[in-house]
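Remarks on the structure that follows.
Taken together, the values in this text are just the output of simple stated rules run on the coordinates, not laboratory data. In this text the structure is predicted, and so the values were computed from the model without any measurement. Cβ: placed from backbone, ideal geometry, glycine included. Neighbour counts: every protein chain shown.
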Amino acid sequence: MNSRTATFSVPARLLHWSMAIMVMSMLFIGIGMVATVSERHVWLVQLHKPLGIAILALVIVRLLVRWRHGTPALPADLPPWQRAAAHLSHWVLYALMLAMPLIGWTMLSAGGYPVTLYSGITLPDLVSPSATLYSALRFAHTWLALSLFAVILIHLTAALYHGLIRRDGVLASMTKGQKHP
Amino acid sequence: MTLKTPPPLNTIFRFTVIGLVIAILATAFAYVGGWLDPGRLTPDRMINTLEDNAGVHEGYRRNHAKGYCVVGRFESNGNAASLSRASVFEAGQQSPLIGRFAIPGGNPNANDGMPPIRSFALQFQLSNDEQWRTAMNAMPVFPVSTPQAFWELLKASRPDSKSGKPDAAKMSAFFADHPETKPFLAWAKTAQRSSSFVNVDYNSLDAFRFIDAAGTTHFVRWGLVPEAPFTAMTDAQKQDPDFLSKDLRERLEQGPQRWHLIVTVANPGDPTNDATLVWPEDRRQIDAGVVTIESAQAQADGPCRDINYDPLVLPDGIAGSDDPLLSARSAAYSESYNRRTREEAESATPSTQEPQS
């Protein structure tokens, strides 16, 4: 199904940009909510959980869209290391977007916390309470979040490098529609 | 897709734009994360201050470290169902409880006779996977109304390394700067230490919102009123640093212990954001049902050990108020929980052993 097109499909672009906003918001919400005791803590935590589940749902849809529509080919003259870095960073991004909500949900279950999305809407426990498991997942949730933020910055740097320096159509393949079908 | 080579100056400008975008995002992230703002009161800094005062006792809660697990149930009589749609208040509803009695302070080997306060935390298990957690104290008001003031109080009460006692001058300076502490100090001056965990009133202190079936909000505070009559700590008890746990076991051997869950409803205009102020005596009070405690267990292997009694773990029908202490308690308890569960996971042997008695 990986037919090569010049730009990403419309669903892929919609998903990319909406999830870009959601994932960046999520990272700022997450780092902010554990760094304050003010009332912001409570409403950030209340945002964090439903937004995380929304990202989990969307990343699954996105993987299906990617499988269905494929991705545009990278420029032929791209150095091999940049090509490899592009592929690796994209799969790391998918893996982290999928893993972070699942780790968060499992972590709360392991900590014995009810996973409340909204008042009255509680997700089922994924595991039974275990302080040891909670502790490991809590550690992973923080460090993978910081890793995700770092990979997003690298991804953004690369996108801007393609858009502003190489001007090779890679950034445009995600920002603009297909002009030459 | 031919590669166009821009002129050198233009290229430098374009690289600078890229660098700036990344630098701005990274700086914003660091700011939100508190790394560029050393004066901000973060959960980390609150817990560090508790550790400065009491030392690090691995595996234990950073405050109210010395405690005992208890198990029982709550039986609702339906009286509060008109105020809150939470299923826990339906008439005849029984909710299993996992509770914890404790004394304040970060030292798990503290002397039970020292603090004037006892605390009682409860986790109500509701039928639909929801929970209601509450951490109550046996006092009528909280000393301060904001997290910042509580942090300053902790810093002022840091024990001197030689005497082991807080610096009296620092304490009086704090109280002079914080007139909101007056109701608490007035109570503390005359309060008698109880002979038991089971014969004192416990209060939520913070206000909460009850939401009824029609979606109407009622501001409330709740508390527990014991069936056992109050008696003061005896001189003999004073000699025993663990008298509260012994008393608890003796009383439970004789039979279950009971409290009435009393909900106090605010009138319009009553302060809901200030735990240093009591509401007037004539406010409507509802006896919502009976809390029965049947058995106790050491916290090292008891069911309360791995529960974080976060006061904002609430079912549908109960919500937090505008009291700023609630958010701070939720954030700080979580940090304490993260630290102690990590220590628990790292240590090969159970680290929350009860003091030998």
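Structure data summary
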item	result
Proximal aspartates and glutamates to B:LYS246, defined as alpha-carbon separation beneath 17 angstrom and excluding residues fewer than eight positions away on the same chain	B:ASP112, B:ASP235, B:GLU294, B:GLU354
From phi via Karplus (6.51, -1.76, 1.60), per-residue ³J(HN,Hα) for the stretch B:283-289 in Hz, x at Gly/Pro	5, 4, 10, 10, 8, 8, x
Cβ-defined net charge surrounding B:GLY320, 14 Å radius [Lys, Arg +1; Asp, Glu -1]	-1
Residue order, fewest to most surrounding Cβ atoms within 10 angstrom, among B:ARG158, B:ARG45, B:ARG118	B:ARG158, B:ARG45, B:ARG118
Tilt relative to chain B, helix B:43-54 - C-alpha long axis, 0 to 90 degrees, to 10	50 degrees
MRE, 222 nm, helices only [DSSP H, n ≥ 4, -39500 (n - 2.57), over chain A, to nearest 500]	-23500 deg cm²/dmol
Extended-chain gain in nm, criterion 0.36 nm per residue less alpha-carbon gap, B:LYS238 and B:GLU51	64.7 nm
Reach of B:LYS162 by Cα under 16 Å, taken over aspartates and glutamates that are not fewer than 8 positions away in the same chain	B:ASP52
Proxy reagent accessibility, fewest Cβ within 10 Å first, across B:TRP259, A:TRP105, A:TRP91	A:TRP91, A:TRP105, B:TRP259
10 Å Cβ neighbours from other chains, averaged over peptide A:156-169	4
Point-charge dipole on Cβ atoms (K/R +1, D/E -1) for the protein assembly as shown, about Cα centre, debye to 20	2500 debye
Amide N of the stretch A:105-137 lying under 20 Å from the label point, which is placed 7 angstrom from the Cα of B:GLU58 along Cα→Cβ	A:131-137
Neighbourhood net charge (11 Å Cβ-Cβ; Lys/Arg +1, Asp/Glu -1) for A:GLY104	+2
Residue mean of other protein chain beta carbons inside 10 Å, B:23-31	3
Per-residue average of Cβ from other chains inside 10 Å of A:37-48	6
Nearest 10 degrees, 0 to 90: helix B:168-177 Cα axis against chain B principal axis	80 degrees
